[in-house]
Amino acid sequence: MASSKKRQADISVRNGDRGTVKIAREVLSGKSKKGWLARILPFLGPAFIASVAYVDPGNFATNIQGGAKFGYELLWVILGSNLMAMLLQSLSAKLGIATGKNLAEHCRNQFPAWVVWTMWVISELVAMATDLAEFLGAALGMNLLFGMPLWLAGILTAIATFLILGLERYGFRPIEAVITTLLAVVAGSYIVETFFARPDWGVVAYHTFVPHFSGSESVLLATGILGATVMSHAIFLHSALTQDRIVTKKPEQQKRLFRFELIDVAIAMGVARSVNAAMLIMAASTFFQHGLTSIATIEEAHRTLEPLLGSAASWVFAISLLAAGLSSSSVGTMAGQVIMQGFLHRHIPPWVRRLVTMVPSLIVIAVGFEPTRTLVLSQVVLSFGLPFAIIPLILFTRRRDLMGVLVNKRLTTILASIVAALIVSLNIYLLVQVFTRS
């Protein structure tokens with residue numbers, strides 16, 4: 001009965017997006033007479049949803065601290081982290097296109113039961129930490145923007161998230177549009193912030209491409225930026241976003257579909273990289289340049305922006321934080337659904353999951369934990385889940401029996417393995433440093 005209802009829901013979603021799917025199939029079959037941009041548009045969306053995880057409130061905390069303490073020095077870390085994330089998100093999207101199953105479902109089918117249960121528990125803990133950071137960030141944005149108590153901001157954040165997730169019943173296009181719009185608000189906000197900050201673009205360009213560290217603390221903070229950039233729940237989610245969005249079993253059409261998805265990833269992750277870089281540039285141009293290297297919290301950053309850049313800058317900052325929190329909170333709930341359905345073959349309504357996962361966030365708000373410190377610690381918890389997403393992803397995408405014509409090339413697997421080893425090693429280093437310093 002449950003599976004029948006799910007099939008009916010899936011049919012409803014497909015019907016709601018019939019126009020997009022029809023155009024996409026015409027493009028894949030070579031029958032479309034539309035222009036280049038019109039041919040690309042039906043395929044844009046999944047990567048924009050996944051990319052929201054890369055501009056969540058946790059990134060605000062690490063990027064602001066990085067810019068305030070070390071100026072533009074760690075910009076190259078953002079570029080390197082983003083390139084790694086692009087590779088992993090591309091592999092995740094490819095897995096969904098080639099197999100019609102998401103990463104969590106493949107883990108359930110390929111691994112022993114005890115491994116599956118272990119992976120599910122760890123992934124759920126990571127999803128809860130993700131929800132905590134994103135929910136808290138949105139509430140903090142409302143608090144800074146409207147001056148309301150944090151507990152009231154938390155309740156309003158929950159209501160707003162429910163409304164966004166409710167759009168899923170109308171198909172994938174409406175929620176893609178809302179999430180992309182919120183991402184655009186964040187990006188636009190930081191374009192304005194950068195205009196106010198007036199950075200030294202020559203120095204920005206230099207540090208974007210030339211690696212440099214200033215002692216062990218900069219290494220630790222760089223590792224934190226990486227940990228806040230590559231997100232395991234986004235890797236799980238992306239494979240689910242592409243698995244039944246536009247379905248084709250023809251090898252040539254699968255290749256063409258994946259090429260369009262690469263464009264989607266390049267644009268969406270490019271936007272995410274620009275936003276993260278703008279966060280660090282803003283902090284470097286204002287706080288570091290004025291000797292305010294001890295800025296450690298989002299609230300301090302918000303308060304200090306007004307005397308330095310004017311009241312408009314502090315308002316724009318709060319708006320961007322609110323948009324990032326709302327969008328990433330919705331995406332985090334979607335990822336949690338994918339993880340539970342994939343590992344356990346269990347489906348619960350999104351509003352139930354949102355209700356359950358927001359309870360820890362409300363408790364944190366009620367107890368009065370310092371928000372920025374909580375955001376940073378949540379990024380540490382996320383580090384535990386990375387190997388359980390990255391390693392299976394590489395193992396599955398290198399198998400021709402699963403991937404068919406979209407199987408990894410040898411060079412792709414080698415590069416992905418190097419990236420995985422680097423990410424896992426750096427996150428282990430981060431965890432060791434955090435626990436030995438505390």
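What follows is calculated from the coordinates using simple rules that are stated; it is not laboratory data. Remember, predicted model here, so these are calculated numbers, not experimental data. Don't worry about glycine lacking a Cβ; one is built from the backbone with ideal geometry, like all the others, and counts go over all protein chains shown.
Whole-Hz ³J(HN,Hα) for each residue in segment 393-404, computed from phi via Karplus 6.51 cos²θ - 1.76 cosθ + 1.60 with θ = phi - 60°, x for glycine and proline: what do you get?
For segment 393-404, the Karplus-derived couplings read 4, 5, 4, 6, 6, 8, 9, 5, 5, 8, 8, x Hz, x marking Gly and Pro.
How would Ser285, Ser32 line up from fewest to most surrounding beta-carbon atoms within 10 angstrom?
Least to most surrounded, the residues fall as Ser32, Ser285.
Neighbour counts of other C-beta atoms within 10 Å: give me Arg25, Arg259, Arg399 arranged from fewest to most.
Ascending number of Cβ neighbours within 10 Å: Arg259, Arg399, Arg25.
Once the cut-off is 24 Å, how many percent of the Cα-Cα pairs in segment 64-158 end up in the long-distance tail?
Value for segment 64-158 (Cα pairs over 24 Å): 54 percent.
Please state the charge dipole magnitude for segment 126-203, taken about the Cα centre, from unit charges on C-beta atoms (+1 on K and R, -1 on D and E), reported in debye and rounded to the nearest 20.
160 debye
Could you list the chymotrypsin sites (Phe, Trp or Tyr not before Pro) in segment 20-128 that lie in coil according to DSSP, counting only those with at most 11 other Cβ atoms within 10 Å of their Cβ?
none
Residue by residue through segment 233-247, what is 3J(HN,Hα) from phi via Karplus (6.51 cos²θ - 1.76 cosθ + 1.60, θ = phi - 60°)? Round to whole Hz and write x for glycine and proline.
So the J values, rounded to whole Hz, are 5, 5, 5, 4, 5, 4, 5, 6, 5, 9, 5, 9, 6, 10, 9.
If I take every Cα pair under 8 Å that is 6 or more residues apart in segment 65-158, average their sequence separation and divide by the length, what percent do I get for the relative contact order?
Computed value for segment 65-158: 12 percent relative contact order.
Could you list Phe111, Phe260 so that the one with the fewest beta carbons within 10 Å of its beta carbon is first and the one with the most is last?
So the ranking, lowest neighbour count to highest, is Phe111, Phe260.
On full extension of the chain, what length is gained from Arg400 through His290, given 0.36 nm per residue of separation minus the C-alpha to C-alpha distance?
34.0 nm
Tell me, what ³J(HN,Hα) does each residue in segment 253-259 have, in order and in whole Hz, if you take phi through Karplus 6.51 cos²θ - 1.76 cosθ + 1.60 with θ = phi - 60° and put x for Gly and Pro?
3J(HN,Hα) across segment 253-259, in whole Hz: 5, 5, 4, 5, 4, 5, 4.
Past 22 Å, Cα to Cα, is the threshold; run Lys101/Lys250; Lys33/Lys409; Lys33/Lys101 against it and keep the listed order.
Those over the limit are Lys33/Lys409; Lys33/Lys101.
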